[in-house]
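Undergrad: Following this message is one structure expressed as structure tokens.
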Amino acid sequence: MEDKVSRSSADSLSVTEEFVVVTPNSEKTPEPSQDNVSTTSAESTGLKIVGNGNMEDLKQHLDEVLGGDQHDGKAPSDGHDEGVSGWETPTNNDKSRFRSVSEPVYSANNPSHRVGGDSPTSFQQISSQDLDRLSPSRVGMVPLDKICTLFSRIIYLGAASVNAPKSEMEATKKMTILKQQQSQNAIEIVLSVPRTSEGSVRLLEPDGKSEISAYRITTILFCCRGREGTGISDCFAFTCGHGNRDSQLFQCHIFRCEVPEAVQRILTCFGQAFHRVPRSPGLVDSIHGAMPAPRETLMSFTIPVLVDIREEDGKGNFGAVPRDKRCFKLRQGVKKEVLVTVQQTHHQVLNIERCFGLLISPGREVPDREMHLLDVVNLETSSDCKNYTVTSMWDPNKADLEVLNTESPPGLVPAGFDSSFTCVHDKGMFMTIAVDLVITGIQEPVRFVVETKVRIFPSTEKFWYFNKKPVQEFFYLMLEEIEAAVENEPAYAVLTLESESQRERRRIPTRSPSTNLVQTPDSMTSVAEEESDDDEPLQSGSGNVDKDCEESILLNWGDLLAKWRSNLSVRPKHLRSMVRKGIPEALRGEVWQLLAGVKECEDLMEEYRVLITKISPAEQVILADITRTFTAHEKFQNESEGGQDAMYKISKAYSVYDSEVGYCQGLSFLAAVLWLHMPEEQAFAVLTKIMYDYHLRDLFMNSFIELHVKFYQLERLMEDNIPDLFSHFVHIGIEAHMYASQWFLTLYTAKFPLYTVFHIMDLFLMEGMPIVFNIAVALLKAAKKELLGQDFEGVLKYFRVTLPKRYRTEESAQELMQTALSTKISNRKLKKYEKEFYAMREDEDREDPLERIERENKQLMHANIRLEQENDELARELIVHRLAMEKQLDKERDRADELDRDLKAIKLQLLDTEEENKHLESETSQIKEMYRTGMEKSESDSKRNSTIIADYKQICSQLSERLEKQQTAAREEMARLRRRLQSCEQCANLINEDGKLNQSSDVIRASEEEEPEPELVVAEQQIRELELELAQTKLQLVESQCQVQDLEHKLNSAMTDLHSSKNNSWLQKTFSSLKDATVTKKE
């Protein structure tokens, strides 16, 4: 269940609308059995009820609440005090109003369960033995998983009927009234707040033995506390709903805490109860028919997927494939390697078990049956288990993928294939790459599909500049947690899986056929950006220019430049046609210098080194401008990149060099464009040539009179080429200076993307100032349809925001250049319009001052009316924005209040954690003392055992010596006996040579008749005694070893128990060192 916070200064909590209405059936609990119902009667409790002075009204209201469906459901009549309609006793609709509390609880104020002092905010879980003190009747114990929190020293002030159950104002008013009327009828209770949304809030007797009333969390609609700094700051309340939808009664139950600090803790527990859903519903008491609490089971993941293709280099290694934006450039017949990297940035990481397969196919939006599986799939995982890389080999000679091994003719569709393979201006065909991943918890493999463009070249093709970064696609995965077949194992169902390209494709409307463009991923991205950020203008210096160029084009330019360097005074024959197609980015710096004639003016570069040392009066203006120039380009975003410093020095040097013009805003953009292609000295020289030789400085002189000439010429060209748009501009009052100033002063460098800017600079250095008019007319022609539908403000916004964004792709910029070059604007016509302008100026000078003033007054009146309309619209927008800002400010304030409450709750948790830490430290000291005692005892036992073993070894050595001596004496005695027996013929054969008795019957009988030797008898007796003593000694040794093993077993058990109870690294090291010392002593 989700907890919401009331939007006011006071702390409050509210439950979702799912639990606003609870039917009587859902409020009644099943009839309890005799095993779990206390035999205490209602009369024996002596319950005191807080009323408003009229006990009859109180009983009537109580009967209406308890009667449920037996009444007509009408709310009781108003009471006597400010709309407080009848104070009611806390009650529940079940029949077992008094039940024994026999579940694990958390005690706040019971001294026997308090941790670390008398703080009312200290909490500790009560053990099952302590429950005996809280509940003498242990019949019908509920499961131990039913955790709740107990708060003692709570005063129940009563309940009041309310009309607005979620109104904090009404709840605080009831708190104020009830606290003022508090008397001896107030009830001291113990409040039990459940830990999950499927529990009940219980009101218990002060001894905790009997339950007064219970309220399901699902019936509680609202919870709040009194405002800080007021007389009710120690009070809190919650609102419950009773009855059905037709006749519903809302009750607000008011409480007061004797310890004011506990109020925030109680609200925190309510919030946790509203929010938490138990994993096992069977462990929480449930009401038949109650609506289950919703679980937060939806999870959203944003997963970046990188795709890269590598080709074999002939030496057994694989190198990166050249790429132009999203177009891979592949070679025919070369073995390839496809790499797909899946990155995870979410705090909850999905475990990818294995790759089910990597598939490719030509085309886009390819059906699954047409995908082709690659061989040798390998899955590698990063050390942090967040990045997974799938690698597979691609044999281009397979027949199924023949189209991806066929050289791509420009602009053609391979035979036998549909339009999904269309090549766009030599940019190749589409290719689909898919990877199937098996993710833990998801039954079916998840497929990530990336579409990219490829172009096939001959195997001998060589590439100059190329991008090595892989293609990146973002995927948005939505999962839903489902019931797992195996306990404690995650299980998810995939709701949606969508890529960024799919989202853009869905957002972008179909473009008209007249544009003659195919929607590539790049173009779709541009349009999507254009639609998503309409109100934000394009930052200067945006866009990337690829240095990749075909070898044939570079060779042609190389031949042309070689001829040109041999004779700088004459431009090559085919230079103009090649410049119109666009100068390769890698050669722009040199070609621009040659076009501007800088190679012939080395003195300008030398003079630059002197100029940068001089002081310019415009330094402060330059410093302010450079931070606003090319803000989107990485080279100019901070001082460390060098771009800002270079712009400053070039602009400063020119302001000193041309003191008549000095520095004008806009020159920094030209300086930045030039510096991106050449060193500072050459950039300054080219800038100077543009200003003087191309007459750009004339626009800044004589009060910008030449600039106004350009504006008039542009308007006359519009009248000739786009008359309908010209008439529309005249009608709404749009003049050329309102939108074309930057076009002429900065040569389109201030707002347009870099690819367009560089191409315009190519044409300007080649053609001169007239090309600016061609591009202006081309821009107006392309935007005519949109501009005709705009009003005054819309037209200005379109020029400022929308128009530059239309040319962020190479295709749209190329189309603009083709339109500009196809527009015929002769120098004779421009000269004619210039003469007209100066003639008009002369006529104005000869005009009667009164007529001129009247005409200007009329124009000013029209302008005034237009400005008043604009002012009204701006005022309306200001009001709307101000209201929106105030609304946002209120939200932020509420957010700040919420964060403040969270901070207080975290502080309380910190206090609890510190108390728990102190408790654990005391337990640790006790464990250390216990272990020290055990180690001392083990050492004493070890010493005693060592002494016993040493004594045993000494006894054994002594016995061995005695045995050897006795054996020697016995052998000597046997030899002496044999010598004596040799003299007797009858006894000579009685003992053989080995010293053993002869076994013949005659000898034995003869020997038996004779009496044994006394010395022999004594020797045999001594041998038997020695053997007996040896056996006893061995027995003692075995017993000592058993005792040692028993002590070692006890020592290991104690260490295991200590390790499992407290996994403390310091204790582990201590135990290990003590154990090693014990083993060393034993050895």
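Undergrad: Would region 759-882 count as rounded, prolate or oblate if I go by the C-alpha gyration tensor, calling it rounded below 1.5 in a/c and otherwise prolate when a/b exceeds b/c, oblate otherwise?
TA: Oblate, because a/c is 1.5 or more while a/b does not exceed b/c.
Undergrad: Let me ask something additional. Send over a whole-number figure in Å² for the accessible area per residue of region 784-855, probe 1.4 Å.
TA: Details: 4460 Å² over 72 residues.
With all protein chains present, region 784-855 gives 62 Å² per residue.
Undergrad: Another one. Run the accessible area of region 823-937 with a 1.4 Å probe and give the carbon-and-sulfur part as a rounded percent.
TA: Within region 823-937, the accessible surface is 55 percent carbon and sulfur.
Undergrad: Given the pairs LYS599/LYS652; LYS329/LYS635; LYS710/LYS831; LYS710/LYS829; LYS563/LYS689; LYS547/LYS689, which are separated by over 18 angstrom at their Cα positions?
TA: Beyond 18 Å: LYS599/LYS652; LYS329/LYS635; LYS563/LYS689; LYS547/LYS689.
Undergrad: Which of the peptides 841-854, 654-667, 955-968 is most tightly packed, and how do the rest follow, going by the mean number of other Cβ atoms within 10 Å of each residue?
TA: By packing density, highest mean first, the sequence is 654-667, 955-968, 841-854.
Undergrad: With a point put 7 Å past each Cα toward its Cβ, work out how far LYS797 is from ASN351 in nm, to one decimal.
TA: A separation of 5.3 nm, rounded to one decimal place.
Undergrad: Further question on the same structure: Where only protein heavy atoms count, and the probe is 1.4 Å, what is the accessible area per residue for region 664-755 in Å²? Can you show the working numbers first?
TA: Numbers: 3100 Å² over 92 residues.
Spelled out: the 1.4 Å probe surface of region 664-755, per residue, equals 34 Å².
Undergrad: I've got another one for you. How would you classify region 600-646 from its alpha-carbon gyration tensor, with a ≥ b ≥ c the square roots of the eigenvalues: rounded for a/c under 1.5, else prolate if a/b is greater than b/c, otherwise oblate?
TA: oblate
Undergrad: Return the Cα extents of region 543-590 along principal axes one, two and three, sorted largest first, each rounded to a whole Å.
TA: Rounded to whole Å, the extents work out to 35, 20, 18 Å.
Undergrad: Is the C-alpha gyration tensor of region 549-621 telling us rounded, prolate or oblate? Criteria: a/c under 1.5 is rounded; beyond that, a/b larger than b/c is prolate, otherwise oblate.
TA: prolate
Undergrad: Run the dipole for region 625-673 about the Cα centre, Lys and Arg Cβ at +1, Asp and Glu Cβ at -1, nothing else charged, and hand back the magnitude in debye, nearest 20.
TA: With only Lys, Arg, Asp and Glu charged at Cβ, the dipole is about 20 debye.
Undergrad: Would you work out what percent of the accessible area of region 635-770, with all protein chains in place, is carbon or sulfur (probe 1.4 Å)?
TA: On region 635-770, the fraction of accessible area on carbon and sulfur atoms equals 45 percent.
Undergrad: Beta carbons within 10 angstrom, averaged per residue: use that to sort the peptides 679-685, 220-226, 834-840, highest first.
TA: 220-226, 679-685, 834-840
Undergrad: What does the accessible area per residue of region 530-589 come to in Å², with a 1.4 Å probe and no ligands, DNA or RNA counted?
TA: 59 Å²
Undergrad: Same structure again: Translational D (Stokes-Einstein, µm²/s) of region 856-938 at 10 °C and 1.306 mPa s when Rh comes from the Kirkwood sum over C-alpha pairs?
TA: Stokes-Einstein gives a translational diffusion coefficient of 81 µm²/s.
The values are calculated or read from the model by the stated rules, or taken from the named source; none is laboratory data. A quick note: this is a predicted structure, and the numbers were derived from the prediction, not measured. Here Cβ is always computed from backbone atoms with ideal geometry, including for glycine, and neighbour counts include all displayed protein chains. Heads up: the accessible areas ignore ligands, DNA and RNA and are worked out on the full protein's heavy atoms, side chains in. Shrake-Rupley method; radii C 1.70, N 1.55, O 1.52, S 1.80 Å.
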